[in-house]
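Notes follow once the structure below has been shown.
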Amino acid sequence: MTDMPFKLTPVSAGMTLTERVYVTLKEAILDLQIKPGSPLVEDDLARQMGTSKTPVRDALLTLERDGLVTKIPYKGTHVSEVAIRDATEIFELRAVLEGLAARLATPVFSLRDLDAAEDLLDQADAALAHGEVDACSVFGAQFHAVIHERADNRRLRPILDKLEEQLRRLRRLSNLLQGRLEKSGHEHRRVLAALRTGDAKQAENAMRAHLDSVVRDFAGDGDGALALGAYAAAPARGAGPAREPLPAGANHPALAKSHHNGDHA
């Protein structure tokens, strides 16, 4: 029996067993409870979740198709690493698309929308001041989501939603970059200022500048001092003590959605 540096909860009834195993493993990978590079041993995973090896093997095949798991002949299966190139490509795409979303949303934003967006940024600042890294990140994500919702383009939102799943691990990794959340907070304020003035082009430029800044930090060209490999020694969920693993039972939040759906910097 292999000792593993993470703990998974037993799988309970509801969806098919393979789907539940898939969701449990996927959530743990995306939330960095199982870190990039970690080995995934079928026997041990099955034991932790209280299943046979068959649903575990099927779930790992799906995760491999998702790009979250890598299988090497004669060496086994492990969680896929996050390459700087991957981070750069995804954030470059995101900068273009979210810049467009900010431009399209600007003329649609009402005063109430603007006040609600500012309230989210105030809550993000307060959370960060209290060391609540996850909460700060959630409020930042909600700020981005408000802009997505107001963008007047029916085809843009599904594309952004599709990118979201690939962004989830990257967002958690970006939270580990020294000063990244503080920097994002200032950059979000510049986006909001442009939205308030009704300057659509400036809103687009501010959003693109924000996400380009994240790209530079991942690539090591910005002020972020924490390299991508730092997750090996860092807490899985940002600051603070390690948390309990995500539940796999009927109340698992991901189980209310399609198992192909995911969780902003």
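The values are calculated or read from the model by the stated rules, or taken from the named source; none is laboratory data. Keep in mind it's a predicted model, so treat the numbers as computed, not measured. Note that each Cβ is placed from the backbone with ideal geometry, even for glycine, and that neighbours are counted across all protein chains shown.
At a glance:
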read-out: The range 137-150: number of residues that are buried (at least 17 other Cβ atoms within 10 Å of the Cβ) and of a type in the set (D, E, K, R); value: 1
read-out: Flag for Thr88 being among the hydroxyl-bearing types (Ser, Thr, Tyr) and surrounded by fewer than 17 Cβ atoms within 10 Å (Cβ to Cβ); value: yes
read-out: Counted residues, the range 45-97 - those being more than 20 Å from Asp3 (Cα to Cα), among the charged types (D, E, K, R) and assigned to a helix (DSSP H, G or I); value: 9
read-out: Members of the range 8-56 found to be in contact with an Asp or Glu (Cβ under 6 Å, 6 or more places away or on another chain) and either over 27 Å from Ser174 (Cα atoms) or at pLDDT 95 or above (or both), listed by number; value: Thr18, Lys53, Val56
read-out: Any hit, the range 19-33, residues being outside any helix (DSSP H, G or I) and within 22 Å of Lys162 (Cβ to Cβ); value: yes
read-out: Search result, residues across the range 90-123 that are among the acidic types (Asp, Glu) and over 28 Å from Gln166 (Cβ atoms); value: Asp115, Glu118, Asp119, Asp122
read-out: Whichever residue in the range 58-111 is aromatic (Phe, Trp, Tyr) and touching a helix residue (DSSP H, G or I) at 6+ places or on another chain (Cβ under 9 Å) and, among such residues, is farthest from Thr24 (Cα to Cα); value: Phe109
read-out: Flag for Asn153 being modelled with pLDDT of 50 or more, outside any helix (DSSP H, G or I) and either surrounded by fewer than 17 Cβ atoms within 10 Å (Cβ to Cβ) or not hydrophobic (A, V, I, L, M, F, W, C) (or both); value: yes
read-out: Selection within the range 98-138 - under 24 Å from Gln202 (Cβ atoms) and not in a helix (DSSP H, G or I); value: Thr106, Pro107, Val108, Phe109, Ser110
read-out: Of all residues in the range 35-48 being under 24 Å from the mean Cα position of the chain (by Cα) and closer than 18 Å to Thr18 by Cβ, the one that is surrounded by the most Cβ atoms within 10 Å (Cβ to Cβ); value: Leu45
